[in-house]
Amino acid sequence: MKLLKKSIITGTGIPVRGNDIDTDRIIPARFMKVVTFDGLGAYAFYDARFDEKGNPTDHPFNNPVYKNAEILIVNKNFGCGSSREHAPQSLARWGIKGIIGESFAEIFAGNCTAMGIPAVTTDEKSTAELMDLVTNNPDLALTINIEIPEIRIGDKTFPCTIPPSKQAALLNGTWDSTEILLKNKEQILKTAARLPYMGGFSS
């Protein structure tokens, strides 16, 4: 097994404006009654994307110019509210591979990291400029450099920040706990064999 390291995320952007967008707005609770996360992308921002009669709104996730966008740009305190893992899972299954914002709820950012999605922060002015650049030219490629860290779009660069522990996890590939367990299967089995309460179980 090989750990998947993340250092550069590139793609077009999609701006979703507004502060305090909570996890219930990202993925309404009624869509969480599932066994797996497959298919959750269809319900990302569902109640903001459709009115009470099911008609589509002007939400950016309905705009065809952002159909293949991979980097989400948000404002303050994104992902607040409940700690549901379904929120970043729905965004990932919609196609999001990186998120830029002014600030994130701590648990939401941690859930993103655990999925290999960098959630980097930048200041209010830079966020506004990035949103305007993407709104005016949706085809512009955005690049998040996790190692430096910085954001590049066209001929402009913006500094950004990411907590050192999350940065290291992405750069080293240790964000993927399942892969780490699989990589160390032999050691796990050896340790289990020494535990008296594990006797009698097959591997």
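The values are calculated or read from the model by the stated rules, or taken from the named source; none is laboratory data. Since this is a predicted model, take the numbers as computed values, not measurements. Cβ sites come from the backbone with ideal geometry, for glycine too, and all protein chains shown count toward neighbours.
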A careful count of residues in the range 35-65 that are within 17 Å of H86 (Cα to Cα) and either among the basic types (K, R) or over 20 Å from the mean Cα position of the chain (by Cα) (or both) gives 1
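Take residues that are in contact with a Cys (Cβ under 6 Å, 6 or more places away or on another chain) and of a type outside the set (D, E) and tell me which of the strands (runs of 3 or more DSSP E) falling wholly in the range 62-130 contain 2 or more. Don't jump to the end; show me each part of the working.
Values: elements: 71-73, 98-101, 119-121.
Of the strands (runs of 3 or more DSSP E) lying wholly inside the range 62-130, those with at least 2 residues that are in contact with a Cys (Cβ under 6 Å, 6 or more places away or on another chain) and of a type outside the set (D, E) span 119-121.
Consider the range 54-67. How many of its residues are at pLDDT below 95 and surrounded by fewer than 12 Cβ atoms within 10 Å (Cβ to Cβ)? Write out each step before concluding.
First, pick out the residues of the range 54-67 that are at pLDDT below 95: 54, 67.
Subset that is surrounded by fewer than 12 Cβ atoms within 10 Å (Cβ to Cβ): 54.
Residues in the range 54-67 being at pLDDT below 95 and surrounded by fewer than 12 Cβ atoms within 10 Å (Cβ to Cβ): 1 in total.
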Requested in this report: For the range 73-81, state whether one or more residues are modelled with pLDDT under 95 and surrounded by fewer than 18 Cβ atoms within 10 Å (Cβ to Cβ).
Outcome: yes
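Scan A48, A69, A92 and give me the residue that is touching a Lys or Arg at 6+ places or on another chain (Cβ under 9 Å) and among the small types (G, A, S). Reasoning before the result, please.
On the way: A69 fails: touching a Lys or Arg at 6+ places or on another chain (Cβ under 9 Å); A92 fails: touching a Lys or Arg at 6+ places or on another chain (Cβ under 9 Å).
Result: A48 is the single residue among A48, A69, A92 that is touching a Lys or Arg at 6+ places or on another chain (Cβ under 9 Å) and among the small types (G, A, S).
Filtering the range 134-172 down to residues that are of a type outside the set (A, V, I, L, M), part of a loop (DSSP other than H, G, I, E, B) and surrounded by fewer than 17 Cβ atoms within 10 Å (Cβ to Cβ), which residue is nearest to the chain's Cα centre (by Cα)? Walk me through it before giving the result.
As a first pass, look at the range 134-172 and keep what is of a type outside the set (A, V, I, L, M): 135-139, 143, 145, 147, 149-150, 152, 154-161, 163-167, 172.
So of that shortlist, the ones also part of a loop (DSSP other than H, G, I, E, B) come out as 137-139, 147, 149, 154-155, 160, 163.
Subset that is surrounded by fewer than 17 Cβ atoms within 10 Å (Cβ to Cβ): 137, 139, 147, 154-155, 163.
Values: N137: 23, D139: 21, E147: 17, G154: 23, D155: 25, P163: 15 Å.
Filtering the range 134-172 for residues that are of a type outside the set (A, V, I, L, M), part of a loop (DSSP other than H, G, I, E, B) and surrounded by fewer than 17 Cβ atoms within 10 Å (Cβ to Cβ), the one nearest to the chain's Cα centre (by Cα) comes out as P163.
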Of the residues in the range 3-57 that are among the basic types (K, R) and either in contact with a helix residue (DSSP H, G or I) (Cβ under 8 Å, 6 or more places away or on another chain) or part of a helix (DSSP H, G or I) (or both), the one that is farthest from L140 (Cα to Cα) is R30
